[in-house]
Amino acid sequence: MPDALRADVRVLGEALGQVLREYGGAGLLDDVERLRELAIASHHEDLTVADDAAAQAERLVDSWPVERCEEVARAFTVYFHLVNAAEEYHRIRSLRAADLDEHSASSATSAAVAEIAALAGNEQASSLLAGLEFRPVLTAHPTEARRRAVVTAIRRVADLLERRDDPRVGGSEAAETQRLLLESIDVLWRTAPLRAERPGPLDEVRTAMSAFDDVLFHVVPQVYRRADAALGDSTEVRAPRVPAFVRLGSWIGGDRDGNPFVTSTVTRQAMAIQSDHVLRALEAACHRVGRGLTLDTSMTPPSPEVSRMLADAEAAQPEVYADIAARSPNEPHRIALLYAAARVGATRGRDADLGYQSAEDLLGELRTIQGSLVAAGARRQAYGELQSLVWQVESFGFHLAELEVRQHSAVHRAALEEIRAGGELSERTQEVLATIRVMAQIQSRFGPDACRRYIVSFTQSPDDIAAVHELARYALDDRAIALDVIPLFETGADLEAAVEILNGALDLAETQSRLDETDRRFEVMLGYSDSAKDVGPVSATLKLYDAQARLTEWAAHNKITLTMFHGRGGALGRGGGPANRAVLAQAPGSVDGRFKLTEQGEVIFARYGNPAIARRHIEQVASAVLLASTPEVEQRAHAAAETFAELASTLDVAAKECYHDLVHTKGFPEWFARVTPLEEVGSLPLGSRPARRGLTVSSLDDLRAIPWVFSWAQTRVNLPGWFGLGSGLAAVGDVDVLRRAREEWPLFTVMLENAEMSLAKTDRRIAARYLALGDNSDLTEKILAEHALTTEWVLNVTGHSRLLEDRRVLGRAVALRNPYVDALSYLQVRALRTLRQGDDDAPGEDAVRRLLQISVNGVAAGLQNTG
């Protein structure tokens, strides 16, 4: 562990120890320490020592009353929150140190542009930058197990760590910082770790807004400026060459697939909340930039266009104009910006007389002011903070993020059947029609890009796409609406049928003249989570790759500009892992300058909760998109895919057979529910959406991928991240060929890296304790045997003597965390065993269930990417 990080963790650990002593006396701290020491000893190289320590830890936990177990579980959970805060701050510290290095590139995007320019010249680099698109779509899936109050307390601790690190802090201020740190940790300890009730969809919208308010609004123009600097010249005195390439999307308040709480009213309110936040931000930005433009008329005269703007403003709103002008004598550009601020404020207040009709109107005025400054020679003012404001309007508009609607294809089919049959419509069908009307209302106020995409879950035929258009015609009486219906291919069979389905959809679109012949664009969404649950992680990865390759070929043949929307989760079993490496592993030609993905739950705050980390993430993805779109990278990827096609086929067949042999075993769904905290995870008030679409646990088909992955992570099995890979690699059998594939084929490399990380977070000793709860030795043996086989083959192919050997920082972090997660796992196993064996109405049942829920929260904090 780096010295600075070690020092931070030590300070936080000592402070937590003091808080525990003050709260529960020496006895509580002693119990925490005894369990911690036994958990560490259970990882001893001597297996006899390790097994003895594990047995002692289990006996210790069993000896405590439930109340003590809860206190210890909370202590370890708070410890992980503190360690996570320290690690995040250390990342920020490292990024700042790298930025101070005069030899470092100014950004990952700059490095990518330089590499492309060296390979193909500046013209291609500029061309790729001009067409760059990055579309992160925020979703509210319940993988963020922390309360907002807990997140706030953690953020306070992180801020104090930064203050401790400031070399300018003197002795008295350092003492005050330490006092505040203790107080903040005490607050974190005393804050209830579990929500009292499940959040509603609008609560989830408001939670996501903090990532925009605190980070994204400010970071996005910084990213553009750093990217623009890669093209040379001083960006302060010339027009930018880089477009605003980030466009936020959101499913929060729009995704109603299986969520009865997301209604048309909620969708309208969600957009109102988004709009309020972005208009407040733009109003403040216009004020800030305007106040700084104290440029006197004599030195910086306004252009005729700005003079005309001001005359129109004075005529339209004489009182507002007079008030601003009185505070800005002979400063026309300042008056123009401050008047724009007033108009943005009026837009937020729905004042039709003063407010703007659209974001384009504001953008037009800002560009007019910019042109005037350039004409007067004030280029630094034109392309400085004013340009950042222009980029913010271009990126976020008046709607902040495009609100996307999602619904299941079966709901549309049922609605059409009712409509065609005539008679009274059910409440669900009326809600489908109301949703489409709300989309039209949002477009009317904020423009077509505010809410035009409609995702159809489980698209299985062209009719599923056509159904939405037919419903729109019925809902709106053929009134105009911009509607992009996006098929979501989720299962293995749907991925295989994707091209055939799109052929049918294309025929329908051309027949109905819904496709713009001058700008033929399609978007398709690929589901990583359900495909992995359907056919296993290995086959899902290969099928997704194959689907992308075939869809790319289809788009080229039909002269379609195709955007692939990647429905990825945070966990490795749901397409998680480093986003930039994932981009470079896509099928050749499938990126083509555009990358769109879901950013789910815990990932939102991990990637966009801090400015330095958010900037780094966006730049890494942007650089990967640029590189993946170059002919050189595409050709290498194509050659590798052809070279290892037979290997992929063998891997696919063997891995899928192994996976299906497990999950299709009679009684597996019930066994899974017994050995994991599935039901308890479903009862946790993490998010507004139910854990299942309505069926019982006797069927895995309708179980959402999130609780499937989340539950396996809690058991320390992490099955969705690696199961079947060992059988697949063993079926190929040739280590030399597999090693060559690892060197030459990015997809295979990333598959191995992600599996290795997932295996490193797996603990078969702890896992065995969970699996034993199911009383089915055959299923337990299948899982543990495949784990051993996968570990053996991954190490063989990578040439490592231990997991994550070549990723020292990550390997060390996982190794240091695992024993502490073990402590929580012992507590969770105790609770699970009691619940599985006991009477639901037995005394103390609620306390045991609460213990289990707190341990779930703690394990999630310890493992981090759980869902």
Measuring from its Cα centre, region 269-326 shows a charge dipole (+1 at each Lys and Arg Cβ, -1 at each Asp and Glu Cβ) which, in debye to the nearest 20, is 240
Among 47, 862, 611, whose Cα projects farthest towards the positive end of the dipole of the chain, with charges put on the beta-carbon of Lys, Arg (+1) and Asp, Glu (-1)? 611
Kindly state, to the nearest 0.05, the FRET efficiency for residue 657 paired with residue 808, given R0 = 35 Å and r defined as their beta-carbon distance. 0.45
Quick one: if you take sqrt(5λ) for each eigenvalue of the C-alpha gyration tensor of region 630-806, what semi-axes come out, biggest first, whole angstrom? 32, 19, 15
Based on the alpha-carbon gyration tensor of region 532-662 and its eigenvalue square roots a ≥ b ≥ c, which shape applies: rounded if a/c is under 1.5, prolate if not and a/b is larger than b/c, or oblate? oblate
What are the equivalent ellipsoid semi-axes of the chain, built from the alpha-carbon gyration tensor (square roots of five times its eigenvalues), in whole angstrom, biggest first? 45, 34, 28
How much net charge surrounds residue 585 when only the other residues with a Cβ under 13 Å from the Cβ of residue 585 are counted, with Lys and Arg +1 and Asp and Glu -1? +1
Please give the residues of region 320-344, grouped as numeric ranges, whose backbone N is less than 14 Å from a label point set 7 Å along the Cα-to-Cβ vector of residue 296. 329-332
FRET efficiency for residue 764 and residue 59, using Cβ-Cβ distance with R0 set to 22 Å, rounded to 0.05: 0.60
Which loop-located trypsin sites (Lys or Arg not before Pro) does region 299-347 contain, where loop means any DSSP state but H, G, I, E or B and the Cβ has at most 14 other Cβ atoms within 10 Å? 327
Most exposed first by the Cβ proxy, i.e. fewest other Cβ within 10 Å, how do 172, 275, 372 rank? 172, 275, 372
What's the magnitude of the charge dipole for region 363-472 around its Cα centre, counting Lys and Arg as +1 and Asp and Glu as -1 at the beta-carbon? Answer in Debye, nearest 20. 520
Which of rounded, prolate, oblate describes region 155-259, given a ≥ b ≥ c as roots of the alpha-carbon gyration tensor eigenvalues and a/c under 1.5 marking rounded, otherwise prolate only if a/b is larger than b/c? oblate
Degrees separating the helix 808-837 axis from the principal Cα axis of the chain, which is the longest one: 60
Degrees between helix 537-557 axis and first principal axis of the chain (Cα, 0 to 90, nearest 10): 30
Order these by the 10 Å Cβ neighbour count, fewest first: 710, 458. 458, 710
Suppose a student asked you for the relative contact order of the chain, using Cα pairs under 8 Å spaced at least 6 residues apart; what percent would you report? 17
Rounded to 0.05, the calculated FRET efficiency for the beta carbons of residue 314 and residue 237 at R₀ = 30 Å is 0.40
Sort 486, 40, 185 so the one with the fewest other Cβ atoms within 10 Å of its own Cβ comes first. 40, 486, 185
Report, to the nearest 10°, how far helix 498-511 tilts away from the longest principal axis of the Cα atoms in the chain, using its own Cα long axis and a range of 0 to 90°. 30
Assign one of three labels to region 595-688, namely rounded, prolate or oblate, based on the Cα gyration tensor with a ≥ b ≥ c the square roots of its eigenvalues; rounded applies when a/c is under 1.5, prolate when it is not and a/b is larger than b/c, and oblate otherwise. oblate
Placing unit charges on C-beta atoms (Lys and Arg positive, Asp and Glu negative, everything else neutral), compute the dipole magnitude of region 402-629 about its Cα centre in debye, rounded to 20. 880
Net lengthening on full extension, residue 665/residue 213 (0.36 nm per residue, minus Cα-Cα): 157.8 nm
Test of understanding: given the chain, find the longest segment containing no GluC sites (Glu not before Pro) that are in a DSSP loop and have at most 11 other Cβ atoms within 10 Å. 518-867
Expected output is a single nm value to one decimal: the length gained when fully extending between residue 735 and residue 511, i.e. 0.36 nm times separation in residues minus the C-alpha distance. What is it? 75.4 nm
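Bear in mind that the values in this text are calculations on the coordinates, not laboratory data. These figures come from a predicted structure and were not determined experimentally. Cβ sites come from the backbone with ideal geometry, for glycine too, and all protein chains shown count toward neighbours.
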